[in-house]
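Beneath this line is the structure, given in structure tokens, with notes to follow.
The values are calculated or read from the model by the stated rules, or taken from the named source; none is laboratory data. Quick caveat: nothing in here was measured; it's all calculated off a predicted structure. Every residue, glycine among them, receives a Cβ derived from its backbone with ideal geometry; neighbour counts consider all protein chains shown.
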Amino acid sequence: MRAIGTSDMPASDIVEAQWVAERRGLEPFRTEQPHYSLLDRTIEREVLPVAQRYGMGTVIWSPLASGMLTGRVRRGQETDLRRTRLFAALRDERRIDAVEEFIPLAAEAGMPLTHMALAFVIAHPGVSAALIGPRTMEQLDDLLAAADVELSDELMDRIDAIVPPGTGIGRMDQEYNTPPIEEASLRRRPAHERSAA
């Protein structure tokens, strides 16, 4: 079994990898490991549908948005997450605003934010599994308890109102950019060839 292991590979690259494998008689890729959370739903646009079309599994990384969806990063409060100083995404005001909306929504539904966040990720039919990163037995027990959580359609609709399907808030620091985004020469003709004439 072969897996694609880059962070958030574009759907076009997944399709090309499948075509190349087919044309060369190779084993096709079977899994992709994209980032997906309540705060970043961009893979719903193309990556998850393409993975489903090719029968690929998806193993989600950072379903708790690097700790933001644990409730440990709050507006106007100190946090014990040491990595907050290292990653701009953990200080992004727009992301914090969304977390502040998700916290009471989860409480109203009678569950911790971590349970709502994990249940949301697993609820997508294109998601096979979510990677969790507990550091203590208490965290592990909490995250495993989320496996039994089912979100109602009404709750899913309210989540959609905070972060609409296929969108994301802010950028993950580890976000993958395609070569044309990183290198200007791949998206611009040389200066002497830019004339329309």
Pairs with Cβ under 8 Å, 6+ apart, first in the stretch 35-61 and more than 26 Å from Ile103 (Cα to Cα), second in a strand (DSSP E or B) and of a type in the set (Phe, Trp, Tyr): Tyr54/Phe29; Met56/Phe29
Single unsatisfied condition, Ser7 versus (1) crowded, with 16+ Cβ neighbours inside 10 Å; (2) closer than 22 Å to His124 by Cα; (3) at pLDDT below 85: (1)
One residue is enough: does the stretch 141-160 have a residue meeting the conditions surrounded by fewer than 16 Cβ atoms within 10 Å (Cβ to Cβ), part of a helix (DSSP H, G or I) and either of a type in the set (Lys, Arg) or in contact with a His (Cβ under 8 Å, 6 or more places away or on another chain) (or both)? yes
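Is there a residue in the stretch 72-88 that is touching a strand residue (DSSP E or B) at 6+ places or on another chain (Cβ under 8 Å), buried (at least 19 other Cβ atoms within 10 Å of the Cβ) and either outside any helix (DSSP H, G or I) or at pLDDT below 90 (or both)?
No, because not a single residue in the stretch 72-88 is touching a strand residue (DSSP E or B) at 6+ places or on another chain (Cβ under 8 Å), buried (at least 19 other Cβ atoms within 10 Å of the Cβ) and either outside any helix (DSSP H, G or I) or at pLDDT below 90 (or both).
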Top-ranked residue in the stretch 89-111 [being touching a Ser or Thr at 6+ places or on another chain (Cβ under 9 Å) and modelled with pLDDT of 95 or more; ranked as farthest from Met68 (Cα to Cα)]: Ala109
Got at least one residue in the stretch 155-169 being modelled with pLDDT under 95 and over 19 Å from the mean Cα position of the chain (by Cα)? no
Count - residues of the stretch 37-71 that are farther than 28 Å from Thr136 by Cα, among the small types (Gly, Ala, Ser) and either in a helix (DSSP H, G or I) or under 13 Å from the mean Cα position of the chain (by Cα) (or both): 1
